[in-house]
Each structure stands twice: as structure tokens, then as C-alpha cells.
1. Look through Ile150, Ile144, Ile118 and report the one residue that is of a type in the set (A, V, I, L, M) and either modelled with pLDDT under 95 or closer than 19 Å to Ile189 by Cα (or both).
2. Looking at the range 69-79, can you tell me whether even one residue there is more than 16 Å from the ligand (Cβ to nearest atom) and open to solvent by 20 Å² or more (accessible area, probe 1.4 Å)?
3. When you scan the range 201-221, do you find a residue that is at pLDDT 95 or above, out of contact with any Leu (no Cβ under 8 Å at 6 or more places or on another chain) and within 16 Å of the ligand (Cβ to nearest atom), even just one?
4. Could you grab me the full set of residues in the range 137-165 that are open to solvent by 10 Å² or more (accessible area, probe 1.4 Å) and under 18 Å from Met81 (Cβ atoms)?
5. Within the range 101-135, track down each residue that is surrounded by fewer than 18 Cβ atoms within 10 Å (Cβ to Cβ), within 16 Å of the ligand (Cβ to nearest atom) and among the aliphatic types (A, V, I, L, M).
6. For the range 293-306, name all the residues that are over 16 Å from Phe6 (Cβ atoms) and touching a strand residue (DSSP E or B) at 6+ places or on another chain (Cβ under 9 Å).
7. Find the residue count for the range 218-238, including only residues that are assigned to a loop (DSSP other than H, G, I, E, B) and touching a Gly at 6+ places or on another chain (Cβ under 9 Å).
8. How many residues, within the range 255-284, are under 19 Å from the mean Cα position of the chain (by Cα) and in contact (Cβ under 8 Å) with a residue 12 or more places away in the chain?
Amino acid sequence: MKIYNFSAGPSCLPESVLKSVSKASKNFQNSGMSIMEISHRSELIVDLFENTTLRLRKILNVPDNYHILWLQGGASMQFAMVPLNLLGQKKSADYIETGIWSSKAILECNKVGKANVIASSKDSKFTFIPREYEQNIESEYLHITSNNTIYGTQYKVIPNVENPNGFLVADMSSEILSKPLDVSNYGLIYSGAQKNMGPAGVTLVIIREDLVGRNYRDLPTMLDYKTHVSKDSMFNTPPVLSVFAVNETLKWIESIGGITEMEKINNRKAQSLYDEIERNSLFFSPINKDDRSMMNVPFIFKDTTINESEFLSYCHSHGLMALKGHRSVGGFRASIYNSMPEAGVNALISAMQEFEKMGQ
Ligand SMILES: *Cc1c(COP(=O)(O)O)cnc(C)c1O
């Protein structure tokens, strides 16, 4: 039976990527050595990093005045590194709270300086993206979480930053590479790899040149973007295997026709799943229609007396895995990142239809 993994992260990877990783784990580029054994100072690995960076730059059309970094510590580390590097002494930054991940980013900013939470959908269980708020003209940057992995909301239009010297910072962990991106709208973008880009262990940071080296405070070397820019992400031993898998994932995106093609496929997948949720008499989506995520699709039973585990085990027996909603939300969540094939989404839709019939 074909297994489809709907996990929110770490999530499924393309078959071709798993094959290449498995090959490189044994013998990397006919070196006779595993990629895990080769020095990051060797030409093979330096080339790998350069190629990965170039490929990402090309796929996302990253302008020349932005640096691309491959760091460790996950998106969670960026919650702290962003304010440590970009928030001046006694200054504040604006944050829009759209889920647990943005709440965590706010928490970290408040340890460094002050986060103004200018809007929050917390009181509505994060079922929408706030549209009405006032920015503080003094704020150094505005931070958003572009796609909310747990709740399934996503920005369709990004905010304009009102401070003429300010800039937008975005946590794109669960949407990067799912659609074209105009990097010039942002000062900094960060994204853990394990949702849409590869395995855990590496985090992408795209940072505008003029934001590197602001020297607002004396930082530990590892927490300073300047360190990683000046050493091409190789200040210390980098996660080579993870970066290799990212490069393979980028190749896979190229092979299916690049980022515009990726977006078309993602749109089709999301559309057909939301259509089924709307049609099916058992389920509904609690999320505001205009804000529904293309990547993470939560849905719940209309009738709360039906035991959720019945549907989950039905899915399980049909090879449809990891559909349980986040513990804070309940219900179900299908994460349909780039690597989830259309056949997987169709299999889920069939299961929803069959489960509906069984109850009649
Ligand atoms: C998964 C996720 C994170 C946390 O990422 P880590 O790499 O585990 O630190 C942060 N933000 C968003 C939007 C996520 O989806």
C-alpha cells in the first residue's frame, strides 16, 4: 500500500531526494566516502554549499543585495537572533500575532527589547489574519508569520511597513518555495527546512545586505549574522547532510518546472481539498475563507459526538498518516506541502467520501 505522510513537520520529501540522500550517505560523488564523513573545508562540500545557495537564489529570484545563510538552531533560534541583531537599544518592533509560532517570536523579542503586539487573532483561536491595526512609526521592523502551520491561516497580501526606515521580517517556515516570492519586500526572511525544503537541521535566512553588522550590542559570535555572512555559513561545522538534501529538493523543484509550476500544483491540491471539506456533510473548516492556508489544512467534525479517532484509524488503514490536528486545536490537519503528490490529496479526498458513505 502506498503511504502518504501528511505530517506538519518534519514532513514528507520527494522520492528522488530520499534516493539521492541514501546514495550520498554511502558514497558521495564517487569519493568512496559518506557525505557525513567529508570535511566541510573540502572542495566537494564547499561546492555543494555554493551550488545550493546559487540554486536557491535562482529559484526564488533573490536580488544581489541579499545574503543567503544556512544556519542551525531552527526557526526558533531566529525568534531570538532577529531582535538581537536588528533591534536597537531602547527601540521596539511591531509584531502581528497569528499563532503559537508568532507568540514565541514575541516572547523572545521581549527578552531583548520591546515587542508591540499591534494585532492578534488569539481571541478567535487564530482562525483569521488580522487586517486592521496601527503600526508604530518608530518601530524598527514589522514581524509576521506568513503561514500559520498549526491553525492553517496564511497571508494573501503582506502588510506595507509604515516607518520609512523600517522593514518587514517574515517567518516563512511553512510556506517557503510553495509559490513565487518578491524578496525585495522584506528585510529578512527565515525558514526552518523541515516543512518545505528538506530535513530538520538547517535553517534558511535571507537577509538584506545593509542589515548585517548593525552592532547594536555585544553578541555571542554564533548569534551574529555578520559571523555567518563573513564565513559563507561555515564558521563552524555546518549540517552538511541537511544542506545536501535541500539542494536535492531544489533540483526536484527545477525538474517539475520551477516555482510558478509548483504554485499551480499547490493551488490545485488546496482547492480540491477545501472543496471536499465544503461539500462533505461530516466536516468543516473553522478558518476564515479568505485566509485559508495552501499548505496546512485543518478541518473538524461538524458533529462533535463522533469520535475523531475513528476517522484517523480509517485513514491509517488506507495509508494516510499523521492527520491528527495539533494538540491545541484538535480535529484533523492535512499538511500538503510541495512534496505531497496530488495523488495523496486525492486519496485523502476519497477516504473522506467513503467515510461519509459508511455513516449513512
Ligand atoms: C515549525 C515552525 C517553527 C519552528 O521551527 P523549528 O525549526 O523547530 O525551530 C517556527 N515557525 C513556523 C511557522 C513553523 O512552522
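1. One residue alone meets the criteria, Ile144.
2. No, that holds for no residue.
3. No, every residue in the range 201-221 fails to be at pLDDT 95 or above, out of contact with any Leu (no Cβ under 8 Å at 6 or more places or on another chain) and within 16 Å of the ligand (Cβ to nearest atom).
4. The one that is open to solvent by 10 Å² or more (accessible area, probe 1.4 Å) and under 18 Å from Met81 (Cβ atoms): Glu140.
5. Within the range 101-135, Leu107 is the sole residue that qualifies.
6. As a first pass, look at the range 293-306 and keep what is over 16 Å from Phe6 (Cβ atoms): 301-306.
Once the filter is applied, which keeps residues that are over 16 Å from Phe6 (Cβ atoms) and touching a strand residue (DSSP E or B) at 6+ places or on another chain (Cβ under 9 Å), the range 293-306 yields Phe301, Lys302.
7. Number of matching residues: 1.
8. So the answer is 10.
The values are calculated or read from the model by the stated rules, or taken from the named source; none is laboratory data. Computed from a predicted structure; not experimentally measured. Cβ sites come from the backbone with ideal geometry, for glycine too, and all protein chains shown count toward neighbours. To get the accessible areas, we keep the full protein, side chains included, count just its heavy atoms, and leave off ligands, DNA and RNA. Shrake-Rupley method; radii C 1.70, N 1.55, O 1.52, S 1.80 Å.
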